[in-house]
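First the structure, in the form of structure tokens, and then the observations on it.
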Amino acid sequence: MAQGIADGAVEMKSPVIFGVSEKAIEYAGIENIVDIVKNLSEQNPKIPVVLHLDHGKTLEICQRAIEAGFTSVMIDGSSRQFQDNIDLTKKVVGYARKYKVSVEGELGIVGKSKIKNQKSKIIIFPTGKQAKEFVEKTGVDALAVGLGTAHGLPIKDERIHFDVLEEVASVVKIPLVLHGGSNLPLDQVQKAIKMGISKVNIDTEIRQVFTGAVRKDLKDKAVFDPREYLGDAREAVRKQVIKKIGELR
């Protein structure tokens, strides 16, 4: 998957951010991830590459990522009380500055609650006043804002709340980040970019094309070589990255 992302970015002559979750670190190992992205960066020196920790929940995981060689981290304290989120994010910013690593914070969440044994999504929006105070007190380099989108597959009535984005963008001058950017109407995402969104997370769409290519190949019972179906999956990722960069740049 990482090769397909890099190949697509190279073809588009575009910078690229490799977002890595805590679960991905548990799965692959932090040193292995750093080595993979470092090798891809060295193979394509003309393309700026960022290795970014996505949704780090603690100071400790952010410190670990920074020390391992990540060039950007996200500290997600959005489920905490507002002041606790500020305090945690400020600690991460202070630590990251020593390594010249950028920090993304988050305000507003897509939470989960159980109603009649079914999971539903609760959207919590930040206010412009909160966003301004948060940025000023923490010193973050970028801010992820809860705008009504969800991680993973689409949820019912999912959409970008442009009134929230407009309010936050009017008082916050650092780059704003849209999480849950996969499978949204393109016109909504492009409008959000014009209104101040600088980074759009599209992990789910990348996974979908990768997995779809594997499923297609494995319908043929004669296919057994991982190089064959993973090669096709890598090519599917490359094409999707080219498509998304073209749509969003």
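The angle separating the long axis of helix 203-218 from the principal Cα axis of greatest extent in the chain is about 20 degrees.
Compute the FRET efficiency between Lys91 and Val50 as 1/(1 + (r/R0)^6), taking r as their Cβ-Cβ distance and R0 = 25 Å, and round to the nearest 0.05.
Here the calculated transfer efficiency is 0.70.
For the stretch 203-249, the calculated P(r), taken from all Cα-Cα distances in 10 Å bins from zero up to the bin holding the longest distance, is 29, 45, 20, 5, 0 percent.
Against the main long axis of the alpha-carbon atoms of the chain, helix 82-97 sits at an angle near 60°.
Largest mean-square fluctuation among Leu147, Leu184, Leu165, in a Gaussian network model of the chain whose springs join Cα atoms under 10 Å apart, belongs to Leu184. Percent of Cα-Cα pairs more than 23 Å apart in the stretch 1-107, please. Percent of Cα pairs beyond 23 Å in the stretch 1-107: 30.
Among Arg227, Arg80, the order by Cβ neighbours within 10 angstrom, fewest to most, reads Arg227, Arg80. Taking all Cα pairs closer than 8 Å and separated by 6 or more residues, the relative contact order of the stretch 203-249 comes to 44 percent. Put the Cα centre of the stretch 32-67 next to the Cα centre of the stretch 156-182 and the gap is 25 Å. How far is helix 59-68 tilted off the main Cα axis of the chain, in degrees rounded to 10, range 0 to 90? So the helix axis and the longest Cα principal axis differ by about 40 degrees. Straight-distance candidates among the aspartates and glutamates for linking to Lys219, with alpha-carbon spacing under 16 Å and chain neighbours fewer than 8 residues away dropped: Glu228, Asp232. Largest first and in whole Å, the equivalent-ellipsoid semi-axes of the chain read 30, 22, 18, each the square root of five times a Cα gyration tensor eigenvalue.
None of the figures in this text is laboratory data; all of them are computed from the coordinates on show. For clarity, every value in this text was computed on a predicted model and none was experimentally measured. Don't worry about glycine lacking a Cβ; one is built from the backbone with ideal geometry, like all the others, and counts go over all protein chains shown.
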